[in-house]
Amino acid sequence: MSARSTADNRDQIAYWNDAAGATWAKLQIVLDRQVEPLGREAIRRLAPRPDERILDLGCGCGQTSLELAAEVGPSGAVVALDVSRPMLAVARARARPVPGAAIEFREADAQVEPFAPAVFDAAFSRFGVMFFADPVAAFGNVRRALKPAGRLAFVCWRTLEENDWMRVPLEAARGLLPPPTPVDPQAPGPFAFADAARVRRILVDAGFVNPRIEPFDALIGGTGLDETVRLLCRVGPLGAAMRERPDLLPAAADAVRAALSPRLGPDGVRMRAAVWIVQAASGP
Ligand SMILES: C[S@@+](CC[C@H](N)C(=O)[O-])C[C@H]1O[C@@H](n2cnc3c(N)ncnc32)[C@H](O)[C@@H]1O
């Protein structure tokens with residue numbers, strides 16, 4: 001893959017092959033459980049059909065690739081792309097025992113992968129498209145791989161402030177952490193697509209037509225208190241801060257546990273997630 005990667009995405013490729021990728025690979029089962037309703041809503045809007053060829057962008061550990069493969073059936077195909085070797089290894093292991101799953105997991109940078117033109121019916125992503133150094137180039141590359149009237153659907157986060165699932169643990173631990181360094185809100189990262197007007201501009205500049213960007217809110221979670229604390233101290237903005245200061249992890253975990261306890265119900269800890277479900281077409 002390295003020959004096809006741009007220098008631009010090098011930082012993200014290193015990030016997803018280093019601590020972040022290893023963490024996601026290790027926590028795959030519990031993470032999937034949290035975000036699967038959000039991915040399923042985006043798949044529902046994509047409306048995959050039997051026999052279709054679908055791209056899964058930034059497929060990670062492959063949950064949505066398996067779900068898409070079930071929809072297109074054995075005569076369809078899913079090409080699932082990711083830059084993270086540890087996450088692709090989990091995805092391949094999960095897909096191996098599934099009979100008839102026509103999935104190719106490919107280690108590739110979606111921004112520069114030299115796809116054959118006009119071969120896919122649709123492209124999908126669950127939280128895998130906010131990390132491109134040049135989003136217009138990346139979406140342009142994906143659009144050219146779609147057939148005429150090809151469909152795009154993805155789910156991405158709205159703002160951190162609207163997402164209790166990440167905001168509450170971060171705020172709980174804030175007093176323990178060094179002051180945050182200001183970041184460019186449009187820099188590659190989980191919240192890079194929080195501004196719907198920006199997402200629309202990117203898609204239009206990349207040649208997509210009829211962009212539709214709709215808010216979707218859901219209570220997500222469903223895992224026990226211990227498991228949720230363990231997860232939310234290792235992913236998202238708090239997880240990133242903890243990787244910088246692992247010595248603070250025990251105190252942060254105590255603070256997060258106190259903040260999450262009131263949200264524990266009979267079906268685990270549940271918190272609000274706020275996302276955009278984005279759809280567009282590749283054009284005539
Ligand atoms: C937040 S994770 C989401 C993973 C998966 N879609 C899920 O929902 O579990 C983001 C994923 O995007 C991948 N990614 C980041 N930049 C990429 C790029 N340029 N091309 C392909 N994948 C990329 C990362 O390696 C990571 O697996």
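Things to note:
- Distribution of pairwise C-alpha distances over segment 180-284, 10 Å bins, in %: 13, 31, 29, 19, 8, 0
- Note on segment 134-284: with charges restricted to the Cβ of Lys and Arg (+1) and Asp and Glu (-1), its dipole about the Cα centre is near 520 debye.
- Taking segment 54-76 and a reference point 7 angstrom along Cα→Cβ of K147, the backbone N atoms nearer than 12 Å belong to 54, 76.
- Cα shape, segment 53-100, gyration tensor, a/c 1.5 rule: oblate
- Hz values of 3J(HN,Hα) by residue in segment 73-83 - Karplus curve (6.51, -1.76, 1.60), Gly and Pro given as x: x, x, 8, x, 8, 10, 9, 10, 10, 7, 9
- Over all orientations, the chain has a Cα convex hull whose mean projected area works out to 14.2 square nanometres.
- Farthest towards the positive end of the charge dipole of segment 111-225, among the residues F127, T159, I202, is the Cα of I202, using unit charges on the Cβ of Lys, Arg, Asp and Glu.
- If the chain linking R245 and D267 were pulled fully straight, counting 0.36 nm for each residue of separation and taking away their Cα-Cα distance, it would gain 4.7 nm.
- Evaluated at q = 0.10, 0.14, 0.15 Å⁻¹: base-10 log I(q)/I(0), Debye formula over Cα of segment 34-126: -0.22, -0.44, -0.51
- Residue-wise HN-Hα coupling along segment 251-267, computed from phi with Karplus coefficients 6.51, -1.76, 1.60 (Hz; x: Gly, Pro): 5, 5, 4, 4, 5, 5, 4, 4, 6, 8, 3, x, 9, 7, x, x, 10
- Cβ-placed point charges (K, R +1; D, E -1), dipole of the chain about Cα centre in debye, nearest 20: 300
- Net length gained if the chain between K26 and A93 were fully extended (0.36 nm per residue, minus Cα distance): 22.8 nm
- Other residues with beta-carbon under 10 Å from the beta-carbon of G140 carry, at +1 per Lys or Arg and -1 per Asp or Glu, a net charge of 0.
- Relative contact order of segment 124-202, defined on C-alpha pairs under 8 angstrom at six or more residues apart (%): 45
- Sum of side-chain charges, R92 neighbourhood, beta-carbon under 11 Å (Lys, Arg +1; Asp, Glu -1): +1
- Stretching R106 away from D51 to a fully extended chain increases their span by 17.8 nm, per 0.36 nm per residue minus the current alpha-carbon distance.
- For segment 34-104 versus segment 202-239, the gap between their alpha-carbon centres in whole angstrom: 18
- Summing Lys and Arg as +1 and Asp and Glu as -1 over all other residues whose Cβ lies under 14 Å from the Cβ of G175 gives a net charge of 0.
- Table column - 3J(HN,Hα) (Hz), segment 223-229, Karplus curve with 6.51, -1.76, 1.60, x for Gly and Pro: 10, x, 4, 4, 5, 5, 4
- Theoretical FRET efficiency, 1/(1+(r/R0)^6), r = Cβ-Cβ of R230 and T159, R0 22 Å, to 0.05: 0.30
- Each Cα pair under 8 Å and six or more residues apart adds its sequence gap; the mean of these over the residue count of the chain is a relative contact order of 21 percent.
Values in this text are rule-based calculations from the coordinates and carry no lab data. Note that the coordinates shown come from a computational prediction; the quantities given were computed from them, not determined experimentally. Because the Cβ atoms are built from the backbone with ideal geometry, glycine has one as well, and the counts that use them run over all protein chains shown.
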